[in-house]
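Contents: one structure, followed by commentary.
The values are calculated or read from the model by the stated rules, or taken from the named source; none is laboratory data. No experiment lies behind these values; they were computed from the predicted model shown. Cβ placement follows ideal geometry from the backbone for every residue including glycine, while neighbour counts extend to all protein chains displayed. Side chains are part of the model used for accessible areas, which takes the heavy atoms of the whole protein and leaves out ligands, DNA and RNA. Shrake-Rupley method; radii C 1.70, N 1.55, O 1.52, S 1.80 Å.
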Amino acid sequence: MPGNIRIAYAIVPEVIFGDCKLFRDVAHARSLSRAAAMNGISQSAATQHIQELEKRLGVQLLDRSTRPLGLTAGGKLYAELCRDVLRREEDFTAALDEIKADTEGTVRVASIYSIGLSEMSRLRDEFARTCPGAQLHIEYLRPDKVYEAVLEGQADLGFISYPEHRRNLTVIPWREERMTVAVYPSHPFAAFELLLPRDLDGQDFIAFDEEVIIRRELDKFFRDHDVRISSVMQFDNIQSIKEAVALGSGISILPERTMQTEVEQNRLVSIPLHAPELVRPTGIIHRRKKKFTRAGREFLRLVMATENATEPELVGVS
């Protein structure tokens, strides 16, 4: 960003960025109440703000006849302006951070539940030790919402499994997590040190919902090994599957790392499966050409270092 533009943004009243953020969040959430909560104001205050904005611009921005809330043609145009302003403000903040001697600011992370719940507490502690002047804000979302949050600029980084390459996104491969068989402690398999795919034939199985990517991968694994399981329950998340297995409703196949707490509590037993090809790939996503603050770069370096991964190239890294 040229120097004169940086100076211009530096003198723009902070309220302008707050206005843009509120409307961007309204457009993203398609809800005044949710956008108000995201900005720490009441719904009535958000409504009044939008009404005053519409009056000032002389055009209706929201289509209030639809549910969820929609945008008019003018609203879509203004939402794009807000996104552009906020992205430019983000670039300015990153450039300004280069001048500072310490790592300050907030790193915003969006993560799927299974990664966030098992990893983020540890990463938060390590980040606090490494960058005591920075803050880490973590939001747990469904996979599609993680992509949206990153693309809309509401998150700097997204943690996802089976990462998809999408337009305007960069994917950093993170790690491949070993999949193991999850059983309840009194299940006959609990005494086994290793299971073969054929051992699973005929077992009551707690499966993922059909639209979840990991379900398609497991179905392919069963077909390749001529294994027929009896699907007795289906869920769209790992946490619910773990609970169903712990209650003795059946067995499942899950990423080993996601079961660490339950194994330590003796609520689940994780048994290796002789299937080295069965892994869950995970990745970190960010908006293409995104300029990271120093705190953001330090957090990503920390994440990659803990996995002995190759450090990715980031814009502005000295």
* Asked: Summing Lys, Arg as +1 and Asp, Glu as -1, what charge do residues with Cβ under 14 Å from the Cβ of Leu62 carry, Leu62 excluded?
  -> +3
* Structure fact -> Summing +1 per Lys or Arg and -1 per Asp or Glu among the other residues with Cβ less than 13 Å from Arg215's Cβ gives -2
* Select from His165, Phe205, Tyr78 the residue farthest towards the positive end of the dipole of the chain; place +1 on Cβ of Lys and Arg, -1 on Cβ of Asp and Glu, and compute about the Cα centre. => Tyr78
* Structure fact -> Looking only at lysines whose Cα falls under 27 Å of Lys291's and that sit 8 or more positions away or on another chain, we get Lys21, Lys76, Lys100, Lys145
* Output the antiparallel fraction of DSSP beta bridges having both residues in the chain, as a percent to the nearest 5. => 55 percent
* Mean Cβ neighbour count within 10 Å, used as a protection proxy, ranking 152-161, 210-219, 31-40, 242-251 highest first -> 152-161, 242-251, 31-40, 210-219
* Structure fact -> The set of cysteines in the chain having no other cysteine's C-beta under 4.7 Å reads Cys131
* **Solvent exposure, largest accessible area first (probe 1.4 Å, DNA, RNA and ligands not counted), of Glu90, Glu139** => Glu139, Glu90
* Cα-centred dipole magnitude for the chain, charges only on beta-carbon of K, R (+1) and D, E (-1), debye, nearest 20 -> 1020 debye
* Structure fact -> Pseudo-spin-label distance Ser186 to Tyr162, built 7 Å along Cα→Cβ, given in nm, is 3.4 nm
* Structure fact -> Only helices counted: for the chain, with every DSSP H run of 4 or more residues adding -39500 (n - 2.57) and the sum spread over all residues, [θ] at 222 nm is -14000 deg cm²/dmol
* **Packing-based order for 272-282, 222-232, using average beta carbon neighbours within 10 Å, highest first** => 272-282, 222-232
* **Candidate lysines for bridging to Lys220, where Cα separation is under 22 Å - those fewer than 8 sequence places away on the same chain excluded** => Lys242
* Summing Lys, Arg as +1 and Asp, Glu as -1, what charge do residues with Cβ under 15 Å from the Cβ of Arg198 carry, Arg198 excluded? -> -2
* Structure fact -> Taking 259-267, 21-29 and ranking on average Cβ neighbours within 10 Å, highest first, one gets 21-29, 259-267
